[in-house]
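Inspection log for the structure reproduced underneath, given as structure tokens.
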Amino acid sequence: AFAARLLDLKPGQRVLDLCCGGGRHLVHLAKMTGFAVGLDYSIALLTQGRQLLGANARIVRADMRAVPFCGAFDAVTNFFTSFGYFQDDADNMRVMCETARALKPAGRFFIDYVNPAYVRDTLCTESVRAAGDYEIAECRWVDEATKRINKSTHVSRGGTTVCNLGESVRLYEEAELRALLERAGLACERTFGNYTGAPFARNEPRMILTGSKCR
């Protein structure tokens, strides 16, 4: 609802949920406008999305660096830190450019990203939890040389390793993200720290940027 208000979404407008995952946000966007498209690369998550939204689901499998739309949407959303996963900054820049290309002139964007300062201040470096018969051990650290937050996950069952997983996200500061947006032809108008609309600050968990396409 917060995203819809900032984007000034109206029935009949077209929305692209970039990195829609299993469709948990897309299902609400579709109800608000009547026309919402979800894009993701994961076949497994898109399958979940189709089950959630039903036969009329508008979902597309594509790489966010090569969005198969041009000037098609009134708004683009990107929720829950679905930006910054590529190791090469140039690839992350391409995502910003593709976001702009998918928008109509003056189309709006909503990017929900992590707050780097909050991450550094509150990072839980190690944790262990149970999920049914599985034990999940997670290790987290910030690599200041590469400006990335990393997580390694070890999953075991009955003392036997099931799998090891890795995750890494680039920690862009607000000024860096604004510069990327500007280079892509997107003007950032406001930045928030959470979904209540609090101002962006060190003690807020999120960096939510909104604005519009300027060319």
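The values are calculated or read from the model by the stated rules, or taken from the named source; none is laboratory data. Just so we're clear, the structure is a prediction, and the values are computed from it rather than from any experiment. Reconstructed Cβ throughout: ideal geometry from the backbone, glycine too, with neighbour counts over all protein chains shown. Surface accessibility is based on the protein's heavy atoms, side chains included, excluding ligands, DNA and RNA. Shrake-Rupley method; radii C 1.70, N 1.55, O 1.52, S 1.80 Å.
Would you mind telling me which numbered condition in (1) of a type outside the set (Val, Ile, Thr); (2) touching a residue at least 40 places away in the same chain (Cβ under 8 Å); (3) outside any helix (DSSP H, G or I) ALA3 fails?
ALA3 satisfies every listed condition except (3).
Would segment 157-177 turn up any residue that is out of contact with any Cys (no Cβ under 7 Å at 6 or more places or on another chain), over 21 Å from GLN87 (Cα atoms) and among the small types (Gly, Ala, Ser)?
Checking segment 157-177: at least one residue is out of contact with any Cys (no Cβ under 7 Å at 6 or more places or on another chain), over 21 Å from GLN87 (Cα atoms) and among the small types (Gly, Ala, Ser).
Quick grid of which residues meet (1) without any contact (Cβ under 8 Å) to a residue 60 or more places away in the chain; (2) open to solvent by 70 Å² or more (accessible area, probe 1.4 Å); (3) touching a Leu at 6+ places or on another chain (Cβ under 7 Å); (4) assigned to a helix (DSSP H, G or I):
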| site | (1), (2), (3), (4) |
| --- | --- |
| GLN13 | no, no, no, no |
| ASP17 | no, no, yes, no |
| LYS31 | yes, yes, no, yes |
| VAL67 | yes, no, yes, no |
| THR81 | no, no, no, no |
| ASP91 | yes, no, no, yes |
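Would you tally the residues in segment 182-195 being open to solvent by less than 80 Å² (accessible area, probe 1.4 Å) and in a strand (DSSP E or B)?
Residues that pass the stated criteria total 5.
Hey, among ALA75, ALA100, ALA117, which residue is among the small types (Gly, Ala, Ser) and either free of Cβ contacts under 8 Å to residues at least 24 places away in the same chain or more than 26 Å from LEU9 (Cα to Cα) (or both)?
ALA117
Give the residue, chosen from ALA179, ALA198, that is open to solvent by less than 70 Å² (accessible area, probe 1.4 Å), modelled with pLDDT of 95 or more and within 23 Å of LEU16 (Cα to Cα).
Residue meeting the stated conditions: ALA179.
I'd like to verify a number: residues in segment 153-176 that are assigned to a helix (DSSP H, G or I) and surrounded by 13 or more Cβ atoms within 10 Å (Cβ to Cβ), how many?
Count: 2.
What residue, among those in segment 48-65 that are open to solvent by 70 Å² or more (accessible area, probe 1.4 Å) and out of contact with any Asp or Glu (no Cβ under 8 Å at 6 or more places or on another chain), is nearest to LYS104 (Cα to Cα)?
Restricting to residues being open to solvent by 70 Å² or more (accessible area, probe 1.4 Å) and out of contact with any Asp or Glu (no Cβ under 8 Å at 6 or more places or on another chain), the top hit is ARG58.
Does ASP63 satisfy being touching a Phe, Trp or Tyr at 6+ places or on another chain (Cβ under 7 Å), among the charged types (D, E, K, R) and either free of Cβ contacts under 8 Å to residues at least 12 places away in the same chain or closer than 22 Å to ASN194 by Cα (or both)?
No.
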